[in-house]
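Read-outs throughout are calculated quantities, based only on the coordinates presented, and are distinct from any laboratory measurement. Please read all numbers here as calculations on a predicted model, not as lab measurements. Every residue, glycine among them, receives a Cβ derived from its backbone with ideal geometry; neighbour counts consider all protein chains shown.
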Amino acid sequence: MNQDKRQDALINFRKAHSLLGKIIKMVEEGSYCINVMQQNLAALGLLKSAHQMLMENHLNTCFKKAMGTTNEKKKQEMTQEILKVTNLFNK
């Protein structure tokens with residue numbers, strides 16, 4: 001992963017981590033449901049953004065390299081990995 005994308009993903013993961021602590025505290029304190037849900041959506045947005053960065057990097061590096069080989073088994077494995085992660089993301 002290139003350094004800029006790695007830093008951007010780390011920033012999003014750290015922000016989401018911080019938000020999760022805030023959300024847990026809000027739930028423990030009985031905060032208004034809508035406020036908790038808004039913070040939850042913010043954390044989800046950060047995680048989705050980080051996921052997108054990771055996916056783009058993987059497709060542009062590892063996947064692209066695998067597709068450039070003549071190893072059909074490796075190509076199939078990489079394709080299956082992408083499909084698996086995409087299916088998990090869409091659940």
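Just a few scattered comments:
- Applying the Karplus relation 6.51 cos²θ - 1.76 cosθ + 1.60 with θ = phi - 60° to the stretch 77-91 yields 3J(HN,Hα) values of 4, 5, 4, 5, 4, 4, 4, 4, 5, 5, 5, 5, 5, 7, 7 Hz, where x marks Gly and Pro.
- Summed side-chain charge close to residue 63 - residues other than residue 63 whose Cβ falls under 14 Å, Lys, Arg +1, Asp, Glu -1: +2
- Residue exposure sequence - 24, 34 - by fewest surrounding Cβ within 10 Å: 34, 24
- Over the chain: helical MRE at 222 nm, DSSP H runs n ≥ 4 each giving -39500 (n - 2.57), nearest 500: -27500 deg cm²/dmol
- Each semi-axis of the equivalent ellipsoid for the chain is √(5λ) with λ an eigenvalue of the Cα gyration tensor; in descending order they amount to 35, 15, 8 Å.
- Summary of the geometry: the stretch 1-15 and the stretch 23-84, compared by the centres of their Cα atoms, lie 13 Å apart.
- Cβ crowding within 10 Å, taken as a proxy for footprinting-reagent exposure, orders 46, 10, 54 from fewest neighbours to most as 10, 54, 46.
- Difference of contour (0.36 nm per residue) and Cα-Cα distance, residue 80 to residue 38: 11.7 nm
- The stretch 50-66 - phi-based ³J(HN,Hα) in whole Hz, Karplus 6.51/-1.76/1.60, Gly and Pro as x: 4, 4, 4, 4, 5, 5, 4, 4, 4, 5, 7, 10, 4, 5, 4, 4, 5
- Straight-line cross-link partners of residue 65 among the aspartates and glutamates, defined as a Cα under 17 Å from its Cα and at least 8 positions apart when in the same chain: 56, 77, 81.
- Gain in span if fully extended, residue 14 to residue 90, counting 0.36 nm per residue against the direct Cα distance: 25.1 nm
- Rounded to whole numbers, the Karplus 3J(HN,Hα) couplings from phi for the stretch 33-46 are 3, 4, 5, 5, 5, 5, 5, 4, 5, 5, 5, 4, x, 5 Hz, using 6.51 cos²θ - 1.76 cosθ + 1.60 with θ = phi - 60°, and x at Gly and Pro.
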